[in-house]
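These notes are about the structure you will find just below.
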Amino acid sequence: MSNNKDTQTGQAIVIATYSREMNLRLASGDVVRARIKGRKLKPVCGDRVQAQPLENEPEWLICAIDKRGNELTRPNLRGQIEVLAANIDFLCVVAASKPTADWFIVDRYLCSAELMHVDAAVVYNKSDLEHNIAETHAALADYSRIGYATLTSSAKTGENMDQLEAMLANKTSIIVGQSGVGKSSLINRLTGDSGQRTAVVSEGTGEGKHTTVNSVMLEIGNNGKVIDSPGVRDYAPVTQTNVEVISSFREIRETGQNCRFANCQHIKEPNCAVKEAVDSGDISRRRYESYRRLIVFSEQLARKR
Ligand code: GDP
Ligand code: ZN
């Protein structure tokens, strides 16, 4: 009766996932390993869950997932929706000089932020490496003029780490971007040498130790929390309809209100305010191209279903 495993079912947060095993942070602040009750339950990092201690075992059991505020999703190869993380306040997309920045991938992550109704920032890392500064600034300017925060950084030299920490203060952010752009290095910088990452990952109870970690939530300065997501080569949001694609490009969504047709797709309709804005330079031609590509992609995705 005296030990704290006799406590009732309580709320906890998923802070690391390893296929069917999770690390939970309990209300007390303790971190415990947990299994999942039933096959249908699929918790992800950031989920608030109901969990209870198992009798005579060090592990806990996740019994239910609380309603999610939002989800970061992507379609898998079969076109089904895969949830990467939940309950996120802010999305931080990292691009870099190496691997060469793919702004179309950055755009598609920003689309997901729009669909999740969270704000986002674009960070250009590895600024210490040689790169075309004019081109980088032009790309970042395309984002800042539509209201996204932008930052250049170097996890190597520490450039702008204070600004990055301030940007991520007092909320839960997910750090996304292509593999190799420096996401883990930036997060290591932000967590300092508290060894937190290692603590979270190696804590375990025998079974399941050193299975690959899918994603993990870490604490940084200024009351920020960051979720490190697994590396990807490519990314696309789950957009079910053209209306969703339109709403996921904030400048197209806004300018599109002035088109002649209320259901304008901004592709070949007459009196299209979006195409006019592209011609006049008010909307970035590259962003518009990104929009058209996503329209095509989401139509292909719809046919898979
Ligand atoms: P992730 O896949 O996005 O998590 O990228 P990593 O953090 O694993 O970094 C990939 C490689 O880039 C590693 O060899 C890092 O040392 C290197 N790297 C990360 N950030 C920087 C940076 O700002 N400058 C330089 N020159 N190298 C970096
Ligand atoms: Zn239009």
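The values are calculated or read from the model by the stated rules, or taken from the named source; none is laboratory data. Note that the structure is a prediction, hence the values are computed from the model and not measured. Note: ideal-geometry Cβ built from the backbone for every residue, glycine included; neighbour counts use all protein chains shown. Only protein heavy atoms, including side chains, enter the accessible area calculation; ligands, DNA and RNA are left aside. Shrake-Rupley method; radii C 1.70, N 1.55, O 1.52, S 1.80 Å.
A compact table of results
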read-out	value
Tally, over segment 280-305, of residues that are touching a residue at least 12 places away in the same chain (Cβ under 8 Å) and part of a loop (DSSP other than H, G, I, E, B)	4
Subset of segment 45-54 that is of a type in the set (A, V, I, L, M, F, W, C) and at pLDDT 95 or above - its residue that is nearest to K67 (Cα to Cα)	V49
Sole residue being of a type in the set (D, E) and under 17 Å from E114 (Cα atoms), chosen from E289, E244	E244
Pairs, first closer than 18 Å to L84 by Cβ and hydrophobic (A, V, I, L, M, F, W, C) in segment 166-184, second open to solvent by 20 Å² or more (accessible area, probe 1.4 Å) and near ligand 1 (Cβ under 6 Å from one of its atoms), C-beta under 9 Å, six or more apart	I175/S184; V181/K126; V181/G231
A86 vs. criteria modelled with pLDDT of 95 or more, under 16 Å from the mean Cα position of the chain (by Cα), small (G, A, S) and within 20 Å of S284 (Cβ to Cβ)	no
Single residue of R287, R303, R293, R253 found to be open to solvent by 50 Å² or more (accessible area, probe 1.4 Å), out of contact with any Cys (no Cβ under 9 Å at 6 or more places or on another chain) and closer than 20 Å to S144 by Cα	R253
Output for segment 19-41, where each listed residue is assigned to a strand (DSSP E or B) and out of contact with any helix residue (DSSP H, G or I) (no Cβ under 8 Å at 6 or more places or on another chain)	E21, M22, L24, R25, L26, V32, R33, A34, R35, I36
All strands (runs of 3 or more DSSP E) inside segment 47-162 with 3 or more residues being within 30 Å of D30 (Cα to Cα)	48-53, 60-65, 71-75, 81-86, 90-96
Which listed residue is aliphatic (A, V, I, L, M) and in contact with a helix residue (DSSP H, G or I) (Cβ under 6 Å, 6 or more places away or on another chain), from A16, A12	A16
Count of residues meeting criterion [part of a loop (DSSP other than H, G, I, E, B), on the phi < 0 side of the Ramachandran plot and modelled with pLDDT of 95 or more] in segment 163-180	3
Segment 260-279, residues that are over 21 Å from W103 (Cβ atoms) and either open to solvent by less than 50 Å² (accessible area, probe 1.4 Å) or in a helix (DSSP H, G or I) (or both)	C264, E269, C272, A273, E276
Hey, P237 away from ligand 1 (no atom under 16 Å from the Cβ), out of contact with any Pro (no Cβ under 6 Å at 6 or more places or on another chain), closer than 21 Å to V94 by Cβ and not in a helix (DSSP H, G or I) or not	yes
Unmet criterion (only one of (1) at pLDDT 95 or above; (2) buried (at least 22 other Cβ atoms within 10 Å of the Cβ)) for C63	(2)
Scan of segment 109-142 for residues that are under 20 Å from Y291 (Cβ atoms) and free of Cβ contacts under 8 Å to residues at least 24 places away in the same chain, ordered by number	A113, A138, L140, A141
Search result, residues across segment 261-275 that are without any contact (Cβ under 8 Å) to a residue 12 or more places away in the chain and among the small types (G, A, S)	A262
